[in-house]
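S.K.: Would you mind keeping the following structure in view while I ask a few things?
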Amino acid sequence: MSWNGTVRCSYCYHKGHNRTGCAELAKHMKELLKDNPEDWRAKEYFAKKKRTCGYCKNTGHNRKTCQEASQDRNHFIAQNRDARKKALKWLKSSGVGVGTLIKRNSHYDGEYLALVEQVKWARINAQTVVVDENEVGIPDISCLIVAKVDGSSSRCSANPRNTEVVGTIPVRLVSAQVPYNWLASEDEPTLSNIEEALKQDDMDYIRRYILRTEPTSW
């Protein structure tokens, strides 16, 4: 793909298709096979053509080179950028980060105070952020690791949406804790999670139930 986003074939150098879909290359390979049925280049070419991609279910490529998977990877990143921008707005306005004092109510421990010791930033993404009418995104997943202020050695996770903040930290401290490239959704843990999702599930599931770029059946 060229700098302006136009696909250019590496075989014939024409625009509008890549090497996999090049008619000239296919014609050349057929000629090679006709002249020599044992030509290894032609045999390998047509063997690849018969392969089925585990992601999009089309032939001629695999998940690693699938353009549909690459497109959905970009959708993951774009959706995360939007959701994280709104989530960071809430975190700043609420003063939530490492050092925040919260109040929790547990079925086993009752009501107690706890201090946020860690934020699992990679868990905050387009699938876990609930956006309200004011375009503020509240993380709705257990992404905070907290410790009781009574000195207990145990640690537990907390969901910001179900947590009462009683002691905030300054906005500048919240900003300082944001990992490098997290807001752009290009930090290493996030990209790793995206690649794992694209590796485990197929295109139909990803687009219907995770990215929601296609209508679901319910």
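S.K.: What about ASP109, is it of a type in the set (Asp, Glu) and surrounded by fewer than 18 Cβ atoms within 10 Å (Cβ to Cβ)?
M.R.: Yes.
S.K.: When you scan the range 164-171, do you find a residue that is β-branched (Val, Ile, Thr), more than 18 Å from VAL129 (Cα to Cα) and assigned to a helix (DSSP H, G or I), even just one?
M.R.: Yes: the range 164-171 contains one or more residues that are β-branched (Val, Ile, Thr), more than 18 Å from VAL129 (Cα to Cα) and assigned to a helix (DSSP H, G or I).
Each row is one residue, and each column tells you yes or no for (1) touching a strand residue (DSSP E or B) at 6+ places or on another chain (Cβ under 7 Å); (2) polar (S, T, N, Q); (3) not in a loop (DSSP other than H, G, I, E, B).
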position	(1), (2), (3)
LYS34	no, no, yes
ALA42	no, no, yes
ALA47	no, no, yes
LYS57	no, no, no
HIS61	no, no, no
LYS64	no, no, yes
GLU68	no, no, yes
GLN71	no, yes, yes
ILE77	no, no, yes
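S.K.: Has the range 146-165 got at least one residue that is under 14 Å from GLN79 (Cβ atoms) and surrounded by 15 or more Cβ atoms within 10 Å (Cβ to Cβ)?
M.R.: Checking the range 146-165: not a single residue is under 14 Å from GLN79 (Cβ atoms) and surrounded by 15 or more Cβ atoms within 10 Å (Cβ to Cβ).
S.K.: In addition: Given (1) under 19 Å from GLY99 (Cβ atoms); (2) in a helix (DSSP H, G or I), where does SER192 come up short, assuming only one miss?
M.R.: All conditions pass for SER192, except number (1).
Listed here are the residues, each with its yes/no results for (1) within 30 Å of THR168 (Cβ to Cβ); (2) crowded, with 16+ Cβ neighbours inside 10 Å; (3) assigned by TED's automatic domain parsing to the domain that holds SER192.
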site: VAL7; (1), (2), (3): no, no, no
site: LEU33; (1), (2), (3): no, yes, no
site: LYS57; (1), (2), (3): no, no, no
site: GLN79; (1), (2), (3): yes, yes, yes
site: ASN105; (1), (2), (3): yes, no, yes
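S.K.: Would you mention how many residues in the range 103-159 are out of contact with any Gly (no Cβ under 8 Å at 6 or more places or on another chain) and assigned to a strand (DSSP E or B)?
M.R.: Counting residues in the range 103-159 that are out of contact with any Gly (no Cβ under 8 Å at 6 or more places or on another chain) and assigned to a strand (DSSP E or B) gives 23.
S.K.: Taking interchain pairs and intrachain pairs at least six residues apart, which have beta carbon atoms under 6 angstrom, with the first residue in the range 15-29 and more than 19 Å from THR65 (Cα to Cα) and the second surrounded by fewer than 16 Cβ atoms within 10 Å (Cβ to Cβ)?
M.R.: GLU24/CYS12
The values are calculated or read from the model by the stated rules, or taken from the named source; none is laboratory data. The structure displayed is predicted, hence computed values, not measured ones. Note that each Cβ is placed from the backbone with ideal geometry, even for glycine, and that neighbours are counted across all protein chains shown.
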